[in-house]
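Take a look at the structure set out below.
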Amino acid sequence: MNYIVDREDTRKRLDVYISEKNSDITRSYIKNLIDDGRILVNGVLQKSGYKVKEMDIVMVDIPKDEVLDIIPEDIKIDIMYEDDDIIIVNKSKGMVVHPANGNYTGTLVNALMYSHKDRLSSINGTIRPGIVHRIDKDTSGILVIAKNDNAHKKLSEQFKVHSINRKYIALVKGIVKEDEFTINLPIGRSTKDRKKMAVVYKNSRNAVTHIRVLKRFYSSSVTLVEATLETGRTHQIRVHMSHLHYPLVGDEVYGRKDPKFKIEGQMLHAKLLGINHPTTNEYMEFEADLPKYFKDILDKLEKREEKYD
């Protein structure tokens, strides 16, 4: 589809202009289209923040939904809350949120397709029905799922303006000295490894994480922290803490494997999620207890600390 910019739309951001012209697609999806080279201005690639000019020709190529046979699977998931608009899920460590290269089965979407096949939002297409946001495969904890497109749009708007309340629990290597502090460092694609994110100052987005120390385990040289997200960039907590030389225990992407902790993947748990309900606008807050493996490791650390004292 093509658009010719009118005078009244002059100086609007490219992503804003397109979202106003087509309310069925989200700003995050528009950014993905721009990154994939599917949006051109006068035949030229432009960034999301490009300010459109009168008579600019904006060409938007929205790909057809990739046709994949998403197999509904009878996989047990922990549903903490559900109504006509949303589902609150406590995702287990090791579960991928939606199908992607190499992971077409065993995902949260496969499970949802079995239990809620025709009761999920369609905004993100056939591959990600109901999925408003994601957490990493090896991160456990709370996700909100949209059961209809209106709920999806309202929740996406809350994520966009950072009004969602999100708190995580993480175990990091090293003894964090400050009791509380804020990390305000931009995150973008790593210039050394395009598969990774990093703190970079070009082609990046602002990222803010608030850290509060919960417990220092001096004998094991690790620290338990609570991380509150002000923004929600890819791998934000993992990247920020690694940048400060406090990588998450178990994180082999942004840290190193530690054989004394016999786990796969980072020790990170999405503990709390607070949202305004998409229909009633009532503030709702959900909290998921730490998974057993996380508690078991903390118990061992506590016992070791007692001996150390």
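Structure notes:
- Convex hull volume of region 227-273 per residue (C-alpha atoms, cubic angstrom): 86 Å³
- Largest first, the residues 162, 245, 116 sort by 1.4 Å accessible area into 245, 162, 116.
- Excluding ligands, DNA and RNA, the accessible surface per residue across region 30-155 is 50 Å² with a 1.4 Å probe.
- Loop-located GluC sites (Glu not before Pro) in region 153-218 (DSSP state not H, G, I, E or B) with no more than 16 neighbouring Cβ atoms inside 10 Å: 178.
- Helix 149-160 and the longest principal axis of the Cα set of the chain meet at an angle near 70°.
- Region 32-140: C-alpha gyration tensor shape, a/c 1.5 cut-off, then a/b vs b/c: prolate
- The 1.4 Å probe gives accessible areas that order 204, 121, 92, largest first, as 92, 204, 121.
- The alpha carbon centroids of region 1-38 and region 194-270 are separated by 34 Å.
- Of all accessible heavy-atom area on region 174-303, the percent that carbon and sulfur account for (1.4 Å): 47 percent
- Principal semi-axes of the equivalent ellipsoid, √(5λ) from the alpha carbon gyration tensor of region 168-217, are 26, 13, 8 Å from largest down.
- Surface per residue (accessible, 1.4 Å probe) for region 173-289, Å²: 53 Å²
- The reciprocal of the average 1/r between distinct C-alpha atoms defines the Kirkwood hydrodynamic radius, which for region 169-286 equals 15.3 Å.
- J(HN,Hα) series, region 227-243, from Karplus relation 6.51 cos²θ - 1.76 cosθ + 1.60, nearest Hz, glycine and proline x: 10, 9, 8, 8, 10, x, 7, 4, 6, 3, 5, 4, 5, 4, 5, 5, 4
- Cβ crowding within 10 Å averaged over residues, with 210-219, 145-154 ranked highest first: 145-154, 210-219
- 15 Å cut-off, amide nitrogen to a point 7 angstrom out along residue 308 Cα→Cβ, residues in region 223-252: 223-225, 249
The values are calculated or read from the model by the stated rules, or taken from the named source; none is laboratory data. From a predicted model like this one, the values you see are computed outputs, not experimental measurements. In this analysis, Cβ positions are derived from the backbone assuming ideal geometry, glycine residues included, and neighbour counts consider all displayed protein chains. What goes into the accessible areas is simple: the full protein's heavy atoms, side chains included, and nothing from ligands, DNA or RNA. Shrake-Rupley method; radii C 1.70, N 1.55, O 1.52, S 1.80 Å.
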